[in-house]
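Student: Sharing a structure, written as structure tokens. Questions coming.
FYI, it's all coordinate maths here, none of it is from the lab. On a predicted model such as this, the values are computed, not experimentally measured, just so you know. All Cβ positions, glycine included, derive from the backbone under ideal geometry; neighbour counts span all protein chains shown.
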Amino acid sequence: MKKLQYIMLGGFLGAGKTTALARLAKHFTSLGKSVGIVTNDQAEGLVDTLSLRSQGYAVEEVPGACFCCRFDDLVKKVGSLEESRRPDVLLAEPVGSCTDLVATVLQPLADLYASRFELAPYVVLFKPSHGLRILRGEKGQGFSPKAAYIFEKQLEEADAIAINRADELSPEELRELQSLLKQKHPATPLLILSAKTGLGFDAFLEFLGKPGAYGKKILGIDYDIYAEGEAELGWVNAGGVFQSKQLFPLDDLLVDLVTSLGRDIEGEVAHLKVIGLAEATYGVANLVANSQPVELSLPSRALVSEGELVVNARVAMDPAVLASRVKERVAEVLATRGASLDWSTVQAFRPGRPQPTHRYAKSVN
């Protein structure tokens, strides 16, 4: 029986994992391969899941905690995809605030399901907007030392580090990043990538296809610092249905909403993402850091009067306050278009302490 190729992409919130997965899915599909995707979040109602499904891909979601704490659910979701789609390639996107995934996900897969999965190299996408400040050791770099600890541990366990969003960097910034990463992780291969434009994608694919034993870097990690770093982020997943008596551009709504939220938030933004879904169309806008511009990552180019709106916000602030701000800004932005929204769900919380199903002390493969 042929093994299922398992490709998991790591990286912090806003690193561009979903965009990279979509480009990978498109590539493998163009080769005639069947692709399955498993997304992951601390709660239900993930923009990434809706976005990838809207692009036509078979997607299962593991909500409630990271893959490490929902390992059995991950395996079940892969099984569901195997039954329905018989995928040749399985793409997995873990929660962006999680680390220690080699010891808690890849090694258990290599040990317990050795005959079922072929593990690809574990590539971690580097998020420049926060990463450059963290590597420089800048004061007020956006996150507390405990949250930055998670960011740095993600890089430490990577088989390769891919500087994503390279198209957004100046040549000087790119050279500085390469130098700093080589100093910190001299033995780890370094890739340059733009998942959005395709820059460096061929080299990325070549690395993912390299044979060998990967996912073997077991971390020494302090779970107290890890848990406290995650808990500094307020987490909001909210959604509902909007209606108006007039047509308006969906993309303008999404950009205005993320812009308004970004202006109204005093905490450091890890990621703000909004998707609008209407009949036969969808659009996505996001913000990956306070210092960055709002991006319309997936334009709909559509006029709408009704549809579904889903907001995912991960910000270093009180989640209850964040949820209130989200509801207020959504109401205000929709009101300017003669629209209102009926909320179907609003989840606001801080991530709980990671409790991995398995944690391997040494590699088995």
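Student: I'd like the trypsin sites (Lys or Arg not before Pro) in the range 266-365 restricted to DSSP loop residues with at most 12 other Cβ atoms within 10 Å, sorted by number. List each step's numbers first, then the result.
Tutor: Working: sites: K273, R301, R314, R325, K327, R329, R337, R359, K362; in loops: R301, R337, R359, K362.
Hits after loop and neighbour filter: R301, K362.
Student: Is there a pair in K146/K196; K26/K327; K76/K327; K182/K217; K127/K210; K26/K77 whose C-alpha atoms are over 26 Å apart, and which pairs would that be?
Tutor: K146/K196; K26/K327; K76/K327, as the Cα separations exceed 26 Å there.
Student: Let me make sure I get this right: for the chain, a, b and c are the square roots of the gyration tensor eigenvalues over alpha carbons, sorted descending. Under 1.5 in a/c it's rounded, otherwise prolate if a/b > b/c, else oblate. Which is it?
Tutor: Values: a/c = 1.57, a/b = 1.32, b/c = 1.19.
Prolate shape, in that a/c is at least 1.5 and a/b is the bigger ratio.
Student: If you restrict to DSSP beta bridges whose two residues both lie in the chain, what percentage is antiparallel, to the nearest 5? Don't skip to the answer; put the middle values down first.
Tutor: Numbers: 39 of 66 bridges.
Taking every DSSP beta bridge with both residues in the chain, the antiparallel ones total about 60 percent.
Student: If a helix is a whole DSSP H run, which ones in the chain reach 15 Å or further along their own axis (Cα) and hold a mean Kyte-Doolittle hydropathy of at least -0.5? Working shown, then result.
Tutor: Working: long enough: 17-30 (20 Å, -0.19); 71-85 (21 Å, -0.63); 145-156 (16 Å, -0.54); 171-184 (20 Å, -1.21); 250-263 (20 Å, 0.75); 319-335 (24 Å, 0.55).
Counting only whole DSSP H runs, the qualifying helices are 17-30, 250-263, 319-335.
Student: Additional query: Return the loop-located GluC sites (Glu not before Pro) in the range 228-290 (DSSP other than H, G, I, E, B) with at most 13 other Cβ atoms within 10 Å of their own Cβ; answer none if there are none. Can you show the working numbers first?
Tutor: Values: sites: E228, E230, E232, E266, E268, E279; in loops: E232, E266, E268, E279.
Passing both the DSSP loop test and the Cβ count: E266, E279.
Student: Give the shape of the range 188-327 as rounded, prolate or oblate, defined through the alpha-carbon gyration tensor: a ≥ b ≥ c are the square roots of its eigenvalues, a/c under 1.5 means rounded, and otherwise the shape is prolate if a/b is larger than b/c and oblate if not.
Tutor: On the way: a/c = 2.52, a/b = 1.38, b/c = 1.83.
In terms of gyration-tensor shape, oblate.
Student: If I model a spin label at K362 and K76 as a point 7 Å from the Cα along the Cα→Cβ vector, what separation in nanometres do I get?
Tutor: The two pseudo-label positions are separated by 3.4 nm.
Student: Which whole-angstrom value gives the distance between the alpha carbon centres of the range 304-334 and the range 224-251?
Tutor: 5 Å
Student: So, one more: Using the basic label-point model (7 angstrom from Cα toward the beta carbon), what is the D264 to A331 distance in nanometres?
Tutor: About 0.9 nm, to one decimal.
Student: Taking the Cα of R136, stepping 7 Å toward and past its beta carbon, and measuring to each backbone N in the range 156-179: which are under 20 Å?
Tutor: Only 163-179 fall inside the zone, counting backbone N under 20 Å.
Student: Straight-line reach from K2: which aspartates and glutamates fall under 20 Å, measuring Cα to Cα and dropping same-chain residues less than 8 apart?
Tutor: Once the sequence-local aspartates and glutamates are set aside, what remains near K2 is E82, E83, D88, D111, E118.
Student: Still on this structure, please answer the following. Loop only by DSSP, 16 or fewer other Cβ within 10 Å of the Cβ. Give me the trypsin sites (Lys or Arg not before Pro) in the range 4-108 that pass, ordered by residue number. Present the calculation step by step, with values, prior to reporting the outcome.
Tutor: Working: sites: K17, R23, K26, K33, R53, R70, K76, K77, R85; in loops: K33, R70.
Passing both the DSSP loop test and the Cβ count: K33.
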